[in-house]
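The values are calculated or read from the model by the stated rules, or taken from the named source; none is laboratory data. Since the model is a prediction, treat every value here as computed from it, not as a measurement. Counting neighbours? That spans all protein chains shown, and the Cβs are built from the backbone with ideal geometry, glycine included. To get the accessible areas, we keep the full protein, side chains included, count just its heavy atoms, and leave off ligands, DNA and RNA. Shrake-Rupley method; radii C 1.70, N 1.55, O 1.52, S 1.80 Å.
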Amino acid sequence: NDLKIKTLEQVHNAMDAVEEQRADSSLKSSEKQVLEDVSVSLRNIERSIIREKEQDMVALLQNDAEGLKDLTEKIKQASKKFEGLAVILGKACQVVEGLIKIITTTIGVGLI
């Protein structure tokens, strides 16, 4: 994670530097095109790193949601007085699973 963050920082620094260069009004058209190509490449790299982070988040959320489901079942079985808590936890599980589906779908469609 730290490596990804540091990589993103470096990519952002490079993007800033490219944008600074692109502001130069004396650039030839061929130079502008090269800078545009570099900018697109950096944006693609940034998206790939961010996408990977989202995929990691999905894996973590899936593990956490499964753990929460198991705990919810144990609470249901433990005592009648925990029924209200089990309902609340069940709703939380549904919300987390919904988030996982949204992230997974948007990754699959290419929106993130």
Which residues, counting only those in the range 13-47, are open to solvent by less than 70 Å² (accessible area, probe 1.4 Å), of a type outside the set (A, V, I, L, M, F, W, C) and within 28 Å of residue 110 (Cβ to Cβ)?
-> 36, 39, 41, 46
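Condition first: under 30 Å from residue 99 (Cα atoms), of a type in the set (Asp, Glu) and free of Cβ contacts under 8 Å to residues at least 40 places away in the same chain. Now tell me which residues in the range 1-55 satisfy that. Show your work before the answer.
In the first step, residues of the range 1-55 are kept if they are under 30 Å from residue 99 (Cα atoms); the result is 1-12, 40-55.
Imposing the further condition that a residue be of a type in the set (Asp, Glu) reduces the set to 2, 9, 46, 52, 54.
Once the filter is applied, which keeps residues that are under 30 Å from residue 99 (Cα atoms), of a type in the set (Asp, Glu) and free of Cβ contacts under 8 Å to residues at least 40 places away in the same chain, the range 1-55 yields 2, 9, 46.
Residue by residue through the range 14-41, note down the ones that are within 30 Å of residue 59 (Cβ to Cβ) and either of a type outside the set (A, V, I, L, M, F, W, C) or part of a loop (DSSP other than H, G, I, E, B) (or both).
Start the filter on the range 14-41 by keeping residues that are within 30 Å of residue 59 (Cβ to Cβ), which leaves 14-15, 40-41.
41 - this is the single residue of the range 14-41 that is within 30 Å of residue 59 (Cβ to Cβ) and either of a type outside the set (A, V, I, L, M, F, W, C) or part of a loop (DSSP other than H, G, I, E, B) (or both).
Return yes when residue 11 is in a helix (DSSP H, G or I), on the phi < 0 side of the Ramachandran plot and within 18 Å of the chain's Cα centre (by Cα) and no when it is not. Break it down stepwise before answering.
Working: in a helix (DSSP H, G or I): yes; on the phi < 0 side of the Ramachandran plot: yes; within 18 Å of the chain's Cα centre (by Cα): yes.
Taking the combined requirement at face value, the residue satisfies it.
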